[in-house]
1. Here are some conditions: (1) surrounded by fewer than 16 Cβ atoms within 10 Å (Cβ to Cβ); (2) under 23 Å from residue 7 (Cβ atoms). Residue 254 meets all but one. Which one does it not meet?
2. Might you let me know whether the stretch 66-84 holds any residue that is acidic (Asp, Glu), surrounded by fewer than 24 Cβ atoms within 10 Å (Cβ to Cβ) and touching a residue at least 60 places away in the same chain (Cβ under 8 Å)?
3. Would you confirm, using the coordinates I've provided, whether residue 305 is touching a residue at least 12 places away in the same chain (Cβ under 8 Å), closer than 30 Å to residue 187 by Cβ and buried (at least 20 other Cβ atoms within 10 Å of the Cβ)?
4. Of the residues that sit in the stretch 38-58 and are surrounded by 16 or more Cβ atoms within 10 Å (Cβ to Cβ) and without any contact (Cβ under 8 Å) to a residue 60 or more places away in the chain, which one is nearest to residue 172 (Cα to Cα)?
5. Being under 18 Å from residue 256 (Cβ atoms), of a type outside the set (Gly, Ala, Ser) and loosely packed, with under 14 Cβ neighbours inside 10 Å is the filter here; which residues of the stretch 273-299 pass it?
6. Mind telling me which of the residues 313, 318 ends up being surrounded by 21 or more Cβ atoms within 10 Å (Cβ to Cβ) and not hydroxyl-bearing (Ser, Thr, Tyr)?
7. Mind telling me which of the residues 308, 322, 313, 303 ends up being assigned by TED's automatic domain parsing to the domain that holds residue 214 and touching a Pro at 6+ places or on another chain (Cβ under 6 Å)?
8. In the stretch 214-231, which residues are farther than 14 Å from residue 318 by Cα and β-branched (Val, Ile, Thr)?
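The values are calculated or read from the model by the stated rules, or taken from the named source; none is laboratory data. The structure presented is a predicted model; accordingly, all values stated were derived computationally and were not measured. Neighbour counts run over all protein chains shown; Cβ positions are idealised from the backbone, glycine included.
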Amino acid sequence: MDEPSRASVDLDNVKELFPRRGVGFLHSIEDKASMVRGGYRAGKRAAEKGLDADGLLFAGMGFSGVTANLVQDAATRALDCPFTVVKHYQFPRHVKPGWQCLAVSYSGETEETLSVVKTAKERGVPITAFTCGGTISTLADRIVRQPNGFQPRAAFAFTWFSILGWLEGSGLLQEKVPVKETVEALRGVDRTCGPEVPESYNEAKQIARLLWHKIPQIYATPAFYGVGQHFRGMLNENAKKISDVDLVPESNHNDLTAWSGDIDGRKLFTVLELSHENQNPELRKRLQYMRRRYTEWGVPWHAKVFPAVNSFADHVVAQATAIQFLDYTSVYVAALKGEDPSDIREIRSLKGYLRGQAKPGAANASRPVAVARAARPAARKRTS
């Protein structure tokens, strides 16, 4: 379909627009509450009570790495030990025996994470792996098993809450993980933004309609920076959508000048602001200025304000609320674009190329556009 035709897509029949695998991603969003409960139980059960740590090193890529960002954003309110996140090959020199390495890799074969884990092993840093198996599980001192048979983003909530459960069970986290409150919040989003809720009452479908034909520029306040990174990844993989995320106030120190001067470039974008109800006055003032200026420059600005954040528990619940809302949004953007959320052949192409098994782009040469339900059965693959 061309752009005008796609704009008329009926999001109230979204399940009819996807192949069966794509519908499976909608089901995984609707099932997030059970993933949260299961992940928390698995992490807490695997934890070593009374664990001592001079610091925590998180190693993970893609959605595995985003779990670390979410934990870091919220747990700074409830963790006493230093916290380092690595999303590359290099092991940090400051990490010594006495630290704990938390290696997050769904498949257990993520190349960059394996590099960090091998060095941790050599340096005597204990390793806890959050994985289904693979090579990482053979190197780890402890394993928190993840559920088999999903793409990592579909099992994301299990991984996230298995880390939180592990931190609580080990005694490193000074507060309880708000599992019950999180489940209630997720179900609340399901009731207002799920696929059966008509677009006229469904804010996630409405936001998708505003984002799908432009490049989304996501501006997140500090409480929601990990959420913004997650949403960018979901737009990338579910909707095959280029997007960017920046942190406010950091973004104010350079890129405002670019937006003011790049008259043609900024026409391609639309802004989504992610913040919460009791945002501090300094940040509110910055966001007000940005919204006014971007609107004057002709850049559409949409604000999504989530529940107030006053504590660790509030923060986790607000993160989960935001992620559930934005996960639905990403799938609705995919529907508007005619994309299959389950299609990750470009990632497979890269991995084949790195292994010397394929030419660049070979797996993506004839990627079909998903506009109707496919007849073949669902298939779930590990990717990272």
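1. (2)
2. Yes; the residues of the stretch 66-84 include at least one that is acidic (Asp, Glu), surrounded by fewer than 24 Cβ atoms within 10 Å (Cβ to Cβ) and touching a residue at least 60 places away in the same chain (Cβ under 8 Å).
3. Criteria not met by residue 305.
4. 55
5. Of everything in the stretch 273-299, those that are under 18 Å from residue 256 (Cβ atoms), of a type outside the set (Gly, Ala, Ser) and loosely packed, with under 14 Cβ neighbours inside 10 Å turn out to be 282, 284, 285, 288, 289, 292, 295, 296.
6. Step by step, each of 313, 318 is checked, and only 318 is surrounded by 21 or more Cβ atoms within 10 Å (Cβ to Cβ) and not hydroxyl-bearing (Ser, Thr, Tyr).
7. Testing whether each residue is assigned by TED's automatic domain parsing to the domain that holds residue 214 and touching a Pro at 6+ places or on another chain (Cβ under 6 Å) leaves just 313.
8. 215, 218
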